[in-house]
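The numbers here are math on the coordinates, done by the rules we state, and not lab data. Everything numeric here is computed off the predicted structure, so don't read it as measured data. Quick reminder, even Gly has a Cβ in these numbers, built from the backbone with ideal geometry, and neighbours come from all protein chains shown.
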Amino acid sequence: MKGIQIETLARWIASADAVAVGAGSGLSAADGMTYSGRRFEENFSDFIAEYHFPDMYIGGFYPFSTLEEYWAYWSRYIRINRYQEAPGQVYADLLALVEGRDYFVLTTNVDHCFQRAGFAGARLFYTQGDYGLWQCSKPCCSKTYDNEDAVRRMDREQKDMRIPTELIPRCPVCGRPMAMNLRCDGTFVQDEGWYRAKARYEEFLKRSGGRRVLFLELGVGNNTPGIIKYPFWQMTYGNPEALYACINAADVSVPAGIEERSVCIRGDIGPVLAAVREELGRSL
């Protein structure tokens with residue numbers, strides 16, 4: 001059955017007027033961006049020994065007693081997940097499937113893998129933030145700040161799980177400590193870049209209304225289904241020409257009303273995208 005589904009998905013991509021990609025954490029995990037196991041253990045052995053964190057993600061919520069230790073942890077976290085490793089074959093295959101087509105990517109991921117893999121920045125909307133940006137911890141303004149140079153220095157100069165006190169990042173406007181620009185509570189800053197990306201996504205959807213648009217959902221779980229999954233279902237239902245596809249290692253489902261215009265593939269996203277790319281290449 002999966003072979004038929006792959007053939008169908010390749011045919012739909014080839015015939016679509018537009019492709020809306022909705023990407024969750026499962027896509028980056030399929031590309032090796034895991035937050036546990038060997039990757040975590042090799043980079044955080046000292047924090048694991050001290051605090052017994054089960055994975056990188058859980059460690060990010062720990063209430064460290066000092067900002068020096070907090071930023072020692074987070075500077076490593078950011079370097080590894082935002083600056084160190086370039087995206088691999090999974091993102092390359094996805095780019096090959098949509099490049100040259102009218103596409104847009106809506107993602108809850110914050111690792112910036114799409115842009116690092118070569119996707120056009122004007123076709124991306126990172127709804128939940130970016131590991132590469134800081135904001136004021138108690139937002140005094142709607143500004144965000146690139147952090148690469150500071151993060152690399154923190155990571156380089158930290159010792160005994162602490163950074164030098166003078167490297168603690170502070171808001172240049174009010175002097176409060178900086179925080180990650182990640183949507184985890186009501187303080188998340190939606191800066192000018194966020195609103196521009198939102199407007200471009202809305203324009204893409206407006207342009208795609210009534211056209212043969214494929215809503216391609218990749219690695220989206222049930223933590224925030226209201227951002228990608230439910231809207232994709234609703235837009236497919238509301239447009240008789242629209243198609244819906246879902247690829248996920250675990251959670252694949254489709255609601256009543258769009259089953260005949262849907263393909264749901266349960267499996268590893270990497271091999272599935274590679275197979276779709278191969279099938280699409282044969283059909284062109």
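To the nearest 500 deg cm²/dmol, what mean residue ellipticity at 222 nm is calculated for the chain from DSSP H runs of n ≥ 4 alone, each contributing -39,500 (n - 2.57), summed and divided by the residues? Before the final figure, lay out each step's value.
Values: 12 runs with 116 residues, N = 284.
So the helix-based figure for the chain works out to -12000 deg cm²/dmol.
Cβ crowding within 10 Å, taken as a proxy for footprinting-reagent exposure, orders Trp194, Trp134 from fewest neighbours to most as Trp194, Trp134.
Ordered by the number of other Cβ atoms lying within 10 Å of each residue's own Cβ, fewest first, Phe119, Phe61 fall into the sequence Phe61, Phe119. Counting 0.36 nm for each residue step from Arg152 to Tyr62 and taking away their Cα separation leaves a gain of 30.2 nm. What you get for the chain, charging only the Cβ of Lys and Arg (+1) and of Asp and Glu (-1), is a dipole of about 640 debye around the Cα centre.
Sorting 179-188, 78-87 by average packing, meaning the other beta carbons within 10 Å per residue, from highest down gives 78-87, 179-188. Relative to the longest principal axis of the Cα atoms of the chain, helix 229-238 runs at roughly 30 degrees.
Beta bridges from DSSP with both residues in segment 152-284: antiparallel share about 15 percent, rounded to the nearest 5.
Between Tyr145 and Glu166, the contour length at 0.36 nm per residue exceeds the alpha carbon distance by 5.8 nm.
Give the Kirkwood hydrodynamic radius (Å, one decimal) of segment 1-156, defined as one over the mean of 1/r across all pairs of different Cα atoms.
On the way: mean 1/r = 0.0567 Å⁻¹.
Answer for segment 1-156: a Kirkwood hydrodynamic radius of 17.6 Å.
Taking the number of Cβ atoms within 10 Å of each Cβ as an exposure proxy, the fewest-first ranking of Leu97, Leu205, Leu218, Leu273 is Leu205, Leu97, Leu218, Leu273.
For the set Lys143/Lys229; Lys206/Lys229; Lys198/Lys229, the pairs lying more than 22 angstrom apart at their alpha carbons are Lys143/Lys229.
Each Lys or Arg adds one and each Asp or Glu takes one away; over the other residues whose Cβ falls under 11 Å from the Cβ of Pro271, this sums to -1. Label sites at Arg200 and Asp268, each approximated as a point 7 angstrom past Cα along Cα to Cβ, lie 3.3 nm apart.
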